[in-house]
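Notes to accompany the following structure.
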Amino acid sequence: MTTSPPQYQTVQPEAVTNWYKAGRTDQFPVGAGATIKYGDRQIAVFYFPRQDKWYACQNLCPHKLENVLGRGLIGEQEGIPKVACPLHKKTFSLTTGENLNGDCPPVAVYPVDVKDGYVYVGFAD
Amino acid sequence: MERIILVGNGMVGHKFCELFSKHPQRAAFELVVFGEECRPAYDRVHLSAFFADRDAERLSLATQSWYDEQGINLKCGTPITSVDVNNKRVVTASGETIGYDYLVFATGSSPFVPPIPGREKAGVFVYRTIEDLEGILDYAEVVKKTKSGKATVMGGGLLGLEAAKATLDMGLESHVVEFAARLMPRQLDDRGATVLKDTVEGLGLHIHTNKNTANIGGNGSITHLEFSDGQQLETDMLIVSAGIRPRDELARAAGIKVGDRGGICVDEYLRTSAPNVFAIGEAALYQSMIYGLVAPGYEMARVALSAIFADHEAQAMPDVIDMSTKLKLIGTDVASFGQAITNEDEARSIVFQDDVAGIYKRINISLDGKRLLGGILVGDAADYNMLHQIQRNGMSIPPQPEDLILGARGGESSGASVLDLPDEAVICSCENVTKGALCGHLDDGSAQSVKDLAGCTKAGSGCGGCKPMLTDLVDAYMKSQGKVVRNVICEHFPYTRQELRDLIVMKNIRTYDEALDEVGTGHGCESCKPALASIFATSYMETANPQAVIQDTNDRFLANIQRNGTYSVVPRVAGGEISPKQLVDMGRIAEKYDLYTKITGGQRIDMFGARLEELPLIWEELIAAGFESGHAYGKALRTVKSCVGSTWCRYGMDEAVSFAIELENRYKGLRSPHKLKGGVSGCIRECAEARGKDFGLIAVEGGYNLYVCGNGGARPKHAELLAGPIDRKTAFLYLDRMLIFYLRTAPPLTRTAAWLDNMEGGIDYLKSVVIDDALGLNAEFEAEMNSLVAAYRCEWKEAVETPHLRSRFQTFINTDEEDSTLEFVDLRGQKMPKAWA
Ligand code: SRM
Ligand SMILES: Cc1cc2nc3c(=O)[nH]c(=O)nc-3n(C[C@H](O)[C@H](O)[C@H](O)COP(=O)(O)OP(=O)(O)OC[C@H]3O[C@@H](n4cnc5c(N)ncnc54)[C@H](O)[C@@H]3O)c2cc1C
Ligand code: SF4
Ligand code: FES
């Protein structure tokens with residue numbers, strides 16, 4: 001278990017200064033994640049069709065620092081939306097970033113907005 | 001109403017309040033608590049977790065409003081500055097005076113900082129409070145940016161190693177200097193400490209033993225340490241973890257008796273030398289010792305409270321305090337229990353050491369061979385809970401005590417079961433919960449799981465060290481009661497795999513969403529998605545393409561993910577037979593995409609290191625050269641291994657290769673609860689290791705013997721004879737039936753060996769189904785297999801030829817750039833991913 005590099009910091013919706021246009025909604029898989037690049041950061045963006053909700057978190061798994069979370073299975077645990085890392089199945093809450101099944105450090109999460117068929121991810125820089 | 005004043009709101013002080021709030025006589029007392037820290041009690045044991053998220057709330061043991069609700073008057077940020085035992089009153093920092101009937105010191109301890117010149121310099125820290133950690137984090141950020149980023153911990157004990165690992169995780173170069181000749185000198189012997197040193201050095205810590213720090217150098221802020229041997233160590237920060245000193249200053253000034261080396265002297269009821277004054281936790285000196293662990297502190301809180309209430313439960317502190325510990329968080333297991341270090345004249349020691357694996361285990365046995373006195377575990381502490389229980393409860397030990405750490409050789413397990421423990425055995429020492437109490441809750445049905453037990457008794461909520469044992473207890477208890485723990489899929493589908501499969505087929509449900517709507521609840525998770533994918537695949541021969549997002553990671557991208565997030569590519573090589581032309585084609589493609597190649601244990605070729613976006617390109621070329629998916633990524637038929645058989649071999653009884661190819665081609669693409677492997681050997685010499693597979697055929701006089709339900713891997717098992725000698729056609733028939741029976745009835749991720757193990761009636765029952773048609777379903781089984789075989793398609797071909805399926809192999813949505821974080825290094829002329837930090 002390791003600490004993520006400092007460029008990954010959770011952004012609260014009210015702290016967003018830059019809504020980055022990540023792509024058209026139909027470019028993203030339905031019920032899974034895909035990855036975008038924002039500067040030197042890799043951000044995983046997930047769409048939960050049943051709840052019609054979008055979430056984003058760092059693509060980097062804090063467990064072994066590999067850029068893989070966007071390729072993990074997504075789901076819900078007692079109402080909390082989560083992603084399971086494809087490498088060792090650590091699960092992370094997509095609302096708080098917290099590791100739900102272990103003692104890994106949390107992942108940074110980012111607000112997502114959808115407007116006119118485009119997906120926007122919120123950054124504070 | 002009498003008033004109790006509690007000084008100190010740390011872990012033990014809080015435990016006192018918690019017990020107070022539940023005490024039946026509490027109405028007779030008023031409790032006022034003064035805490036020096038600015039927040040209510042928090043979990044110091046898991047303090048290091050604060051580094052990960054800076055979330056103080058997560059460590060909190062109780063909130064101010066909890067105290068309010070309990071009617072306990074808690075004043076945080078209000079240290080007591082003096083105590084007057086003659087007039088029974090205390091004075092607060094703000095000058096307020098307040099009287100007591102009973103006074104309890106729970107003032108804890110402070111880190112000991114040896115009087116080394118330079119210790120006041122910036123960059124020198126201790127490790128005890130949330131504020132200490134905030135200081136360390138902030139300083140580390142600065143140091144990482146402006147300096148070399150080196151941190152040193154003074155003290156190689158339990159806490160020092162934990163702090164060192166934390167600095168390593170912060171991205172600093174981390175050193176530990178220890179005065180003694182070895183790490184954890186109080187808990188470990190020389191050999192155990194050496195194994196631990198090798199292991200933590202492997203994690204990246206730099207360990208310096210035999211180092212006496214003479215000076216902390218630097219101009220204003222620390223730059224290096226100077227040792228008495230004349231050597232120096234450059235460092236940008238220092239965390240001192242050189243032991244603790246009990247906070248007895250208030251008591252001392254009030255004239256209460258304290259020990260020569262500090263600590264408020266208490267008797268077996270935690271009474272100090274002053275009337276109606278008690279001391280508990282790390283501030284208390286009991287039997288000339290300070291106990292720096294929560295469990296003895298919690299025990300003190302209990303005893304002191306019942307002494308004040310003079311209740312019928314009033315009992316004294318035990319004579320012997322258990323100081324067993326299991327170290328957490330440092331990336332390797334370390335535990336010591338009972339008398340860890342003994343001499344030859346008091347005990348016989350048994351030692352197991354494996355330097356390659358970094359494992360050291362020592363147990364000390366009484367000279368009469370009857371009792372376990374204590375021991376040390378480094379590198380593998382899985383046995384800690386059980387050994388600790390055996391020692392603590394004086395349970396009898398096996399005639400060959402070495403079985404305790406080596407496991408019995410010769411099949412039978414030596415391990416005592418949790419159910420053998422006496423009822424008084426304390427399972428959770430933090431919360432003092434006995435086995436008897438836990439079983440009581442299981443007996444009366446108020447608990448059925450570890451979670452329930454935690455709810456009823458708080459067991460497992462402290463250091464968490466007893467959790468594995470709680471799990472064992474619940475499992476063993478349920479089994480002993482003949483209660484089967486129903487293996488349901490997850491919170492979204494309260495069914496076993498077989499029940500769910502029957503529902504899906506009966507209702508002709510075709511998609512995951514429909515399944516959730518019709519027979520599930522909520523929105524699904526990573527457990528039920530692949531389980532349903534497997535049901536769709538085994539019922540309808542659906543490939544992993546149409547519902548890619550519910551597939552397990554590997555199936556979603558039709559390739560095995562590797563440790564750096566790249567993928568491997570394994571084309572099918574049925575029976576292991578491959579032509580020179582195919583070898584050349586594969587070699588050409590591997591060279592073009594710079595893939596690492598290796599012959600697998602399944603007689604085919606694996607090509608590693610493909611990027612996500614390269615997968616369809618590589619497969620396009622492989623398909624053009626005549627290859628198909630090998631399903632190496634799926635819970636599906638993998639390979640049918642063969643020996644060369646009578647084609648070339650002088651002993652061969654039949655053409656094993658041809659039969660293996662036929663078998664592999666019939667069952668290829670077949671998805672199942674777990675992976676499926678087959679083998680065909682040309683004679684009883686068994687060069688194809690067919691009996692190590694889910695199905696194995698061995699050519700004998702008059703046909704083949706068909707063996708089923710074998711396994712390699714971690715729990716090897718030879719396949720058992722289902723029928724023989726039989727001809728190839730009959731072998732296919734029996735296999736068709738047996739495989740469909742398995743597909744329908746096995747729980748998720750259960751290999752055929754485990755499936756048969758759990759089958760009532762075992763192989764004889766399986767024979768009655770497959771050969772004698774005991775269920776009358778054989779015709780249905782055969783028809784089902786035929787339709788699955790007929791529906792086979794190469795899913796890679798499907799994926800590369802269908803644009804909307806192909807679009808998923810894309811690293812980034814918003815750019816065609818490659819992932820620049822992937823790093824490879826050279827390995828004997830090929831590439832491999834850079835090692836994990
Ligand atoms: C590549 C290979 C090792 C090699 O370099 O030789 C391999 C590699 C993996 N094996 Fe294996 N196993 C390989 C032959 C074996 C064998 C030997 C054999 O098949 O004769 C065994 C023992 C036989 C058996 O399965 O009973 C074997 C027993 C396992 C097990 C333990 C299964 C068990 O029931 O105990 C696992 C874990 C699992 O499946 O849960 C496993 C899991 C894995 C995984 C899939 C682990 C993972 O999830 O990443 C590895 C991924 C390979 C990849 O990325 O391509 N592998 N694995 C072999 C591929 C064979 C092939 O051509 O498909
Ligand atoms: C990083 C770390 C890891 C640890 N890991 C483990 C472990 O794995 N297992 C284990 O068993 N133990 C562990 N411990 C030890 C454990 O935390 C202590 O044994 C326990 O906290 C002792 O509780 P206490 O209440 O006696 O003291 P404390 O928790 O120190 O509480 C004492 C409180 O009293 C306050 N106080 C002092 N003087 C005054 C005053 N005059 N007026 C008002 N308030 C005052 C202090 O500010 C403090 O808040 C660990 C400790 C640390 C620091
Ligand atoms: S034995 Fe272990 S390390 Fe080796 S390939 Fe199989 S799973 Fe991977
Ligand atoms: S890298 Fe291990 S769980 Fe993510």
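Running Debye on the stretch B:124-242 with equal point scatterers at the Cα sites and no solvent, what base-10 log of I(q)/I(0) appears at q = 0.19, 0.23 Å⁻¹?
-0.99, -1.39
For q values of 0.18 Å⁻¹, compute log₁₀ I(q)/I(0) with the Debye formula on a Cα-only model of the stretch A:14-67, without solvent.
-0.67
Would you give the gap between the C-alpha center of the stretch B:199-274 and the C-alpha center of the stretch B:339-386, rounded to a whole Å?
About 29 Å separates the Cα centre of the stretch B:199-274 from the one of the stretch B:339-386.
I need the phi-derived Karplus couplings for the stretch B:226-234: 6.51 cos²θ - 1.76 cosθ + 1.60, θ = phi - 60°, integer Hz, Gly and Pro marked x.
Ordered by residue, 3J(HN,Hα) equals 10, 9, 5, 7, x, 7, 10, 9, 6 Hz.
Taking the stretch B:787-837 as the region of interest, what is the percent of Cα-Cα pairs per 5 angstrom bin, listed from the shortest bin to the one with the maximum distance?
The calculated distribution, bin by bin, is 4, 14, 12, 12, 14, 16, 13, 8, 6, 1.
How many percent of DSSP beta bridges within chain B run antiparallel, rounded to 5? Walk me through the numbers on the way to the answer.
Values: 72 of 115 bridges.
In chain B, DSSP labels about 65 percent of beta bridges as antiparallel.
Can you give the Rg/Rh ratio of the protein assembly as shown, where Rg is from the C-alpha atoms and Rh is the Kirkwood radius?
Here Rg/Rh amounts to 1.01.
Evaluate peptide A:102-110: per residue, the Cβ atoms of other protein chains within 10 Å of its Cβ; return the mean as an integer.
2
Given springs between every Cα pair under 10 Å in a Gaussian network model of chain A, which of A:59, A:101, A:67 has the largest fluctuation?
A:101
Taking H as built 1.01 Å from N, whose amide H comes closer than 5 Å to the amide H of residue B:206, not counting residues under 5 places away?
Those lying under 5 Å, H to H, from residue B:206 are B:174, B:175, B:176.
Residue by residue through the stretch B:800-811, what is 3J(HN,Hα) from phi via Karplus (6.51 cos²θ - 1.76 cosθ + 1.60, θ = phi - 60°)? Round to whole Hz and write x for glycine and proline.
6, 8, 10, x, 6, 7, 6, 5, 6, 8, 9, 6
Sorted by mean Cβ packing within 10 Å, highest first, what order do the peptides B:672-678, B:81-87, B:650-656, B:241-247 take?
Taking the mean over residues of other Cβ atoms within 10 Å, the ranking is B:672-678, B:241-247, B:650-656, B:81-87.
Quick check: the angle from helix B:190-203's long axis to the longest principal axis of chain B, C-alpha only, nearest 10 degrees?
Roughly 60 degrees, rounded to the nearest 10.
Percentage of Cα-Cα pair distances in chain B greater than 45 Å, rounded to whole percent?
Of the Cα pairs, 44 percent sit more than 45 Å apart.
By average Cβ neighbour count within 10 Å, what is the ranking of A:27-39, B:216-228 from highest down?
Those peptides, ordered most packed to least, come out A:27-39, B:216-228.
What GluC sites (Glu not before Pro) in the stretch B:705-781 are in a loop by DSSP, with at most 13 other Cβ atoms within 10 Å of the Cβ?
Here the GluC sites (Glu not before Pro) that fit, given the DSSP loop and packing criteria, are B:760.
Roughly how many Å is it from the Cα centre of the stretch B:615-681 to that of the stretch A:59-125, as a whole number?
Using only Cα atoms, the two centres lie 38 Å from each other.
Could you go through the stretch B:256-264 in sequence order and give the Karplus-derived ³J(HN,Hα) for each residue, using 6.51 cos²θ - 1.76 cosθ + 1.60 with θ = phi - 60°, rounded to whole Hz, and x for Gly and Pro?
7, 5, 10, x, 4, 9, x, x, 7
Cα convex hull of the stretch B:179-238: mean projected area in nm², to one decimal?
Directional mean of the projected Cα hull area for the stretch B:179-238 stands at 4.7 nm².
Output the Kirkwood hydrodynamic radius of the stretch B:600-669, Cα pairs only, in Å rounded to one decimal.
By the Kirkwood definition, the hydrodynamic radius is 14.1 Å.
Suppose every Lys and Arg Cβ carries +1 and every Asp and Glu Cβ carries -1, with no other charges. What dipole size does chain B come out with about its Cα centre, to the nearest 20 debye?
Using Cβ point charges on Lys, Arg, Asp and Glu, chain B gives about 780 debye.
Over all residues in B:548-556, what is the mean tally of Cβ atoms on other chains that come within 10 Å of each residue's Cβ?
4
Quick one: work out the % antiparallel among DSSP beta bridges in the protein assembly as shown, nearest 5.
The antiparallel fraction comes to roughly 70 percent.
Based on a Kirkwood Rh over C-alpha pairs, give the Stokes-Einstein translational diffusion coefficient of the stretch B:556-637 at 4 °C and viscosity 1.567 mPa s in µm²/s.
In µm²/s, the coefficient is 102.
Could you please state, rounded to a whole Å, how far the C-alpha centre of the stretch B:761-787 is from the C-alpha centre of the stretch B:89-151?
That distance is 72 Å.
Would you please put B:518-525, A:84-91 in order of how densely packed they are, using the mean number of other Cβ atoms within 10 angstrom per residue and starting with the highest?
Output ranking for B:518-525, A:84-91: A:84-91, B:518-525.
Would you tell me the mean number of C-beta atoms belonging to other protein chains that fall within 10 Å of each C-beta in A:55-68, as a whole number?
Neighbouring Cβ atoms belonging to other protein chains average 3 per residue here.
What are the residues whose amide H is under 5 Å from the amide H of residue B:82, where those residues sit 5 or more places off or on another chain and H is modelled from the backbone?
Amide H neighbours of residue B:82, under 5 Å, 5+ apart: B:91.
Expressed in nm², what is the orientationally averaged projection area of the convex hull enclosing the Cα positions of chain A?
Its average projected convex-hull area is 7.0 nm².
Consider just the alpha-carbon atoms of the stretch B:418-483 and return their Rg together with their Dmax, both in angstrom.
Cα-based Rg and Dmax for the stretch B:418-483 come out at 10.5, 32 Å.
Which value results for Rg/Rh of the stretch B:635-793 when Rg is the Cα radius of gyration and Rh the Kirkwood radius based on the inverse mean 1/r?
0.94
Residues with amide H under 5 Å of residue B:373's amide H, sequence separation 5 or more or different chain, H placed in the peptide plane at 1.01 Å from N; which?
B:364, B:365, B:366
Neighbouring Cβ atoms within 10 Å as the yardstick, rank B:359, B:684, B:4 fewest first.
With the sparsest Cβ surroundings first, the list reads B:684, B:359, B:4.
FYI, it's all coordinate maths here, none of it is from the lab. All of these numbers come straight from a predicted model, not from anything done at the bench. Please note: Cβ atoms are built from the backbone with ideal geometry, for glycine as well, and neighbour counts cover all protein chains shown.
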